[in-house]
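Please read the structure below before turning to the comments.
The values are calculated or read from the model by the stated rules, or taken from the named source; none is laboratory data. Nothing here was measured: the structure is a model prediction, and the numbers come from that model. Neighbour counts run over all protein chains shown; Cβ positions are idealised from the backbone, glycine included. For accessibility, only protein heavy atoms count, side chains too; no ligands or nucleic acids. Shrake-Rupley method; radii C 1.70, N 1.55, O 1.52, S 1.80 Å.
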Amino acid sequence: MQFGGHETFAIREGWLHKGISLLDNESEKFEDEYVADWLGVGRNMAKSIKHWLAATELAERPTDPTTRKKGPLEITSLGRKVIERDPYFMERGTWWALHVNLVNNKEHAATWTWFFNQFLNVRFERATCVEALRRYLAANQTRVPSLKTLQRDIACLLASYSKDVPPVPADPEDATDSPFRELGLIAHFRDSGSYGREPVTADDIPAELVPYTLISAQPTLVVGQSKAEIDVREACLMPGGPGRCFNLELESFYELCTNVEAELGRDVFEVVTLAGDRMVRFKAIPREAWLDAYYQRLLSRRAA
């Protein structure tokens, strides 16, 4: 489990494009001592970009089977798909996928995993959130990071997602905003300083991102199957699943599933009732294939 690593910087506009482009075209420069210069950012920002590439699962450091040591960063199959389809990270579905990856990446984004899966407060103060994380870690592992580390992690998470209420006039020259804010998952109430989870609507989530999220949370769903099947309630409430990632209650998730069925067709994704239990069934294909299907649907719409 990793805490920190982001050097207190939330992902900024253009960072992932810069990082994955350099890694793709001149990977040796990524391990160079002058990597910050190649990326055109400060030294700590360069470290942050490396962290976010791994945390969002666009890149990874494979382990040498002989030495057990981590090698240099390499682009993952998911990262390759994004380079091919959305190299400038312009599509909303790309950011939803990266958000889902963070929520399910306990190794590199432990605070994100905890916040969206275990910390279920709808309205909260920052200090309350930090203390809840400290108590959770104390109860579940022997070594707890320093209070300052936890405070920085929570501050970075909230800076990544929270949108001010009422909104602050946007500065077109300000490049520090995180694209994750546009997902609308957390509100920051400026008058009180408190935060609140914001449920997204069914129309906010691209259809393909529902099976993508289910597979991210439970990869075994598609192992050796032509069709994956899971109970609606289990799908909504399981750690890393759509309910947790999208701040959805059970009935809102069910509505989302019916929307996905209408969008993709019952041969691809369907909601069925078996012996009184509501189930979802969908094509058992890798999650990268679902992301690719999302990009393909965008192209088809634009060509029509």
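Among the residues of region 272-291, the ones that are touching a helix residue (DSSP H, G or I) at 6+ places or on another chain (Cβ under 9 Å), surrounded by fewer than 18 Cβ atoms within 10 Å (Cβ to Cβ) and over 11 Å from residue 211 (Cβ atoms) come to 2 in all. Looking at the structure I just gave you, is residue 85 surrounded by 13 or more Cβ atoms within 10 Å (Cβ to Cβ) and touching a helix residue (DSSP H, G or I) at 6+ places or on another chain (Cβ under 8 Å)? In short, yes. Being surrounded by fewer than 19 Cβ atoms within 10 Å (Cβ to Cβ), modelled with pLDDT of 95 or more and assigned to a loop (DSSP other than H, G, I, E, B) is the filter here, so list the residues in region 219-243 that pass it. 238, 239 - these are the residues of region 219-243 that are surrounded by fewer than 19 Cβ atoms within 10 Å (Cβ to Cβ), modelled with pLDDT of 95 or more and assigned to a loop (DSSP other than H, G, I, E, B). Residues in region 105-112: is at least one open to solvent by 70 Å² or more (accessible area, probe 1.4 Å) and at pLDDT 95 or above? No. Considering 149, 142, the condition of being among the polar types (S, T, N, Q) and part of a helix (DSSP H, G or I) is satisfied by 149 alone.
Region 51-133 holds helices (runs of 4 or more DSSP H) entirely within its bounds, and those carrying 2 or more residues that are more than 23 Å from residue 17 (Cα to Cα) map to 110-117.
Okay, residues lined up against (1) open to solvent by 50 Å² or more (accessible area, probe 1.4 Å); (2) modelled with pLDDT under 95; (3) closer than 29 Å to residue 162 by Cα; (4) assigned to a loop (DSSP other than H, G, I, E, B):
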site	(1), (2), (3), (4)
2	yes, yes, yes, yes
5	no, yes, yes, yes
8	yes, yes, yes, yes
13	yes, yes, yes, yes
16	no, no, yes, no
28	yes, yes, no, no
32	yes, yes, no, yes
49	no, no, yes, no
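Put simply, of 152, 123, 135 the only residue that is more than 19 Å from residue 10 (Cβ to Cβ), in contact (Cβ under 8 Å) with a residue 40 or more places away in the chain and open to solvent by 60 Å² or more (accessible area, probe 1.4 Å) is 123.
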